[in-house]
Amino acid sequence: GGDAEGALGKNLNPFKRKRDKPAVYWSGIVDVNGEQEFSYTVPDTFNGTLRLMAVAVSDSTIGTLSSKAIVQGDFVLSPNAPLAVAPGDEFEVSVGVANNVAGSGKDAQVAVTVKTSAHLEVVGSESQNLKIGEKKEGVAIYKLKVKTGAAVKLGSATMTFSASLNGQPDKSAKLGTDVSVRPAGPYYTQVTVGSFTGAQDVPVKRDVFAEYRKAEAAVSPLPLVIANGLMAYLESFPHLCTEQITSRAFPAVVLGQRPEFGNVSQKDGAAKAQQAFASAIGVLRSRQNAEGGFGLWTASVEADEYASVHALHMLIEAGERGYSVPPDLLAKGNSWLQQLASSPAKDIHDVRSRAYAAYLLTRQGTVTATYLAALRETLDKKYPITATSTWQKDSLAVFLAASYKLMKDEKQAAKLMDEPLAQLQKRGEPYRYERYYDPTIRDAQTLYIASKHFPERAKKLDFATLGAMVKSIQDGRFNTHSAAYVVLALDAYATQIEAKIAGKMSISEIGKDGKATAMTLPANLIPRVPFSSNAAKLKFASDANLTTYFAVSESGFDKAPPMSELKAGMEIIRDYVDAEGKPVTSVKVGQELTVRLKFRTIGRDLVPNVAVVDLLPGGFEPVLNPIDAPSVEPAKKGAFVNRLGNVGGWNVEYADVREERVVLYGSVTANMSEYRYRIRSTNVGTFVVPPAYGESMYERDVQARSLPGKIVVERAGK
C-alpha cells in the first residue's frame, strides 16, 4: 500500500527493498473426504505466537477450533539496517541474537555470519564469535560498503544473517533483510530534436545506469517525428498535478489509433493506451469536486480553471476516439464548463480559459452564441486592438474561431484564424511562459484547431511553416502542456497530409570504439529504434535532398552524480542543523536533525509551479508527527504546517512524503523563503548527501541544485 496513484505514482523510489513476508495462511474452502492435512512454512522473520483457527461444515453440523502455537527458531535474529543507501555509502548493520537453545549453558559459543548480494561488500570479516548464554541476547556489528564504479548494482540488496551453536547446523537460524540501493540523483528524460539535409551526427549526451534506462532515436521526413521524443518525456515526467496527468494521458489517447508514435503494434498500442487512460481516469475522478471542476492536487473546493478545461478536453477527445469515458464524470464536467464560460473574466488568461470552455461545449452540440458574444464584448472593452498588441494573435482567437466554425459562421471563423496561422511562420519570437501559455503552446493549439476544423488551410501549410514550433522544442522550450498539445496537433495534422516517405532513411549507432552499426528501422512513417549504452553518437542520414527530422530521447539515472551547484533562474540551499540551529556534518545515531531548504529566484520576481525533490541520505528517515502533535516551533502567520512538522516561510501548495525522499510543490519569489522538516539518523556510517533539486515544471531551463556532500553518523557512546 501507500502508492496512492498506482502506476501513475511517480517520485517513488523505483529500487524498492523487498519486504518481509506476512505470517498469514488461509487454506481456502476445501472439500474433505475423511482427513486432510494442511502445511504452511512460517517465514524466517517470524518468531512469536501464531493463532490457529479452523472451521468445518457438513450438511447437518458445524465445528470450530481455535488454538495457539509458539513458533521460534533456535536463535531469534533482529537486524537493524537502513531503508536506502547510495553507491559509495559505508554503513554499519547490527544484528541482535537471542539464544533459545535449551541446555546451551551460560557461556555458549555462537557463530554469527553475514552474506551479501552483489550490491554490497563486507568490510572486514563476515563471521564473528559471540558468547551468548541461554535465554540471553548478544549483538554482532558489521561494516558494509555499497559498491561503486563498474561494480555498482542498483535495486534491493540482501543481507543474510545466520547464527549457529558451535557451528552445529542442527542448532542454527537464518534471516535475510533488504536495503534499497538507489542513485544519489533524480530520474529524468533529455530530449534532443533537430533537422538535417543529407546526414548528421548527434552525440549521446548521458551515461546512465542500466536499470530503468530507456534510449531511443527516431527519424522521419515529416516533423511528426518530434512526437516520439515528447511522448518519452511525458511518460517519464515525475510530477503529477491535474494538468500533468491530463497531458500524459493525451499521448495515450493518440497512441490507440496511431501506434507508430509509440513504435508498437496496433494491438499493443491499444492495450497500452487503454491502461494509461484508465489510470488517468482513476486519478481525475478523485480530484473532481462537487461542481465538476478539478483541483490541482486534490478535489479542492476551488477548481483550477485552465487545468479543468484541459482535463475535460482529454475526456471529450477520448470519447470521440472510442474510449469508455464515465458518463457522470463528463456530465458534471460539462455543467462546470457552462458555469465557467458564463462567468466574468479578470484578465486575458481568464478569457482564454473561457474561450476554451466555450469551444468544448460547442463541439458537443451546445449552442454557445451567448457565451461567445459576452467574451467578444469583454475583449473589445478591456483589450482593444492596437498596432503592437492584439488578442487576435492569442490562442483564445483560435478557440473562438473553432466555435464559430462549428456554428456555421464561416466568415467570422476564417477572419479569426488569420493572425494565429501567421504566427506559425514567425521566427525568433521572445519566449515567455505564464499560466499554461507560451509561444509553443499557442502554435500547437493553432495547428491542432486548423487541422481539425480548417483542413483546407492546414493542407496548405508546408513543413517549413512548422519550423518555429520545431525550433522551440529543439531549444528545450517545451513543458508537459506544450508537449501534449504538440503530439495532439501533429496527430491531427498527419490526417491532412499525404503519408509518403521520400527517400531512404537510416540510423547508425557509432560506438565508443568508433565502429558504426546500422540499425534496422521499422517500416512506418515515423521509425523509432532503441540504441545501446555503448553508443557514443548516432548518425542520421537520408538519400533525398530534403529536410529530414530526428528525435533522440535519453531517460535514466546518471552514473556520475552532479558535484556542483546549479543556479539557472533559481537558487536552492540545503543544510542540516541541530537543536541549537547550528549546521552539522556529523551526528550521533538516533539524533534528530532539522533540514533547512532555502529558495529564491535569480533575475526575476516569481517562478510559479516549482517542484523540489530532496533525497534523504542513507541511514536517515523522515520524522512524521501525528496530526494533532505540536509543530517544531511556533507557526508564523501564513506558514504551511504538515505531518513533517514543517514551519517555514515557504507557502507550500502540496507536500509528498516518502520513506527516503520529500517532494514539495509551490511558487518561489525573489525573497529568500525557507522550508524545514526533521529527519532521524538510524545507522552508523558515512553517507552520501544527494543534492536537493528544484525545477520549474513548465520552464525547463529554470533549475536549481544544491551542493552534494557527506554526513557521518557515529555511535551514541562516542
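The values are calculated or read from the model by the stated rules, or taken from the named source; none is laboratory data. The structure displayed is predicted, hence computed values, not measured ones. Positions of Cβ are generated from backbone atoms using ideal geometry, with glycine treated the same way; all protein chains shown enter the neighbour counts. Side chains are part of the model used for accessible areas, which takes the heavy atoms of the whole protein and leaves out ligands, DNA and RNA. Shrake-Rupley method; radii C 1.70, N 1.55, O 1.52, S 1.80 Å.
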* To do: List every residue whose amide H lies under 5 Å from the amide H of Ala23, counting only residues 5 or more places away in sequence or on a different chain, with H placed 1.01 Å from N in the peptide plane.
  => none
* **Protection-proxy order for peptides 667-674, 458-465, each taking the mean of Cβ atoms within 10 Å per residue, highest first** => 667-674, 458-465
* **Built amide H within the under 5 Å cut-off of Gly133, gap 5+** => Ala108
* Structure fact -> Checked against the positive end of the charge dipole of the chain (+1 on Cβ of Lys and Arg, -1 on Cβ of Asp and Glu, about the Cα centre), the farthest of Phe463, Phe599, Ser66 is Phe463
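Sorting check: for 609-617, 707-715, which peptide has the highest mean count of neighbouring beta carbons within 10 Å, and how do the rest follow?
Top to bottom by mean Cβ count within 10 Å: 609-617, 707-715.
For Asn166 and Val123, FRET efficiency with R0 = 22 Å and r from the beta-carbon atoms, rounded to 0.05?
That gives a FRET efficiency of 0.25.
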* Please tell me which of these pairs span more than 25 angstrom C-alpha to C-alpha: Lys115/Lys710; Lys459/Lys537; Lys582/Lys710; Lys68/Lys135; Lys415/Lys459? => Lys115/Lys710; Lys459/Lys537
* Asked: Quick one: of the DSSP bridges fully inside the chain, what percent are antiparallel, nearest 5?
  -> 95
* Per residue value of the accessible surface for the range 58-122 (all protein chains in place, 1.4 Å probe), Å² -> 46
* Nearest 10 degrees, 0 to 90: helix 395-406 Cα axis against the chain principal axis -> 70
* **Accessible carbon and sulfur surface of the chain relative to its total accessible area, %, 1.4 Å** => 50
* Asked: Given the C-alpha centroids of the range 349-427 and the range 547-605, what is the distance between them in whole angstrom?
  -> 43
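Relative contact order for the chain: what is it in percent, counting Cα pairs under 8 Å that are at least 6 residues apart?
Contact order relative to length: 16 percent.
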* Where in the range 522-553 are there chymotrypsin sites (Phe, Trp or Tyr not before Pro) that are in a DSSP coil and have at most 10 other Cβ atoms within 10 angstrom of their Cβ? -> none
* To do: For the range 382-529, report the accessible area per residue in Å² (1.4 Å probe, heavy atoms, rounded to an integer).
  => 44
* Asked: Taking θ as phi - 60°, what are the ³J(HN,Hα) couplings along the range 546-562 by the Karplus curve (6.51, -1.76, 1.60), each to the nearest whole Hz, with x for Gly and Pro?
  -> 9, 5, 10, 10, 9, 9, 10, 10, 10, 10, x, 9, 5, 5, 9, x, x
* Asked: Using a 1.4 angstrom probe and counting only protein chains, how large is the accessible area of Glu434 in Å², to 10?
  -> 70
* Structure fact -> In whole Hz, the Karplus estimates of ³J(HN,Hα) for the range 71-86 (6.51, -1.76, 1.60; θ = phi - 60°; x where Gly or Pro) are 10, 7, x, 4, 10, 9, 9, 10, x, 10, 10, x, 6, 8, 9, 10
* With Cα atoms, 0 to 90° folded angle of helix 305-320 axis to the chain main axis -> 80
* Once the piece of chain linking Ala54 and Ser506 is laid out straight, how much longer is it, given 0.36 nm per residue of separation minus the C-alpha distance between them? -> 155.9 nm
* To do: Over the range 292-343, give the accessible area per residue in Å² for a 1.4 Å probe, as an integer.
  => 36
* Work out from phi, with θ = phi - 60° and the Karplus expression 6.51 cos²θ - 1.76 cosθ + 1.60, the ³J(HN,Hα) of each residue of the range 528-533, listed in order in whole Hz, and give x for Gly and Pro. => 9, 9, x, 10, 7, 6
* To do: About the Cα centre of the chain, how large is the charge dipole given +1 on each Lys and Arg Cβ and -1 on each Asp and Glu Cβ? Please answer in debye to the nearest 20.
  => 940
* Dipole size in debye (nearest 20) for the range 335-383 around its Cα centre, Lys and Arg Cβ +1, Asp and Glu Cβ -1? -> 60
* Structure fact -> Calculated from DSSP helices alone, with each H run of at least 4 adding -39500 (n - 2.57) and the total divided by the residues of the chain, [θ]222 nm to the nearest 500 comes to -8000 deg cm²/dmol
* To do: Pull up all non-local amide H partners of Asp304: gap of 5 or more, or a different chain, and H-to-H distance under 5 Å with H placed in the peptide plane.
  => Phe294, Gly295, Leu296
* Structure fact -> For the chain, longest principal axis from Cα atoms; helix 327-342 axis from its Cα atoms; angle between them, nearest 10 degrees, is 50
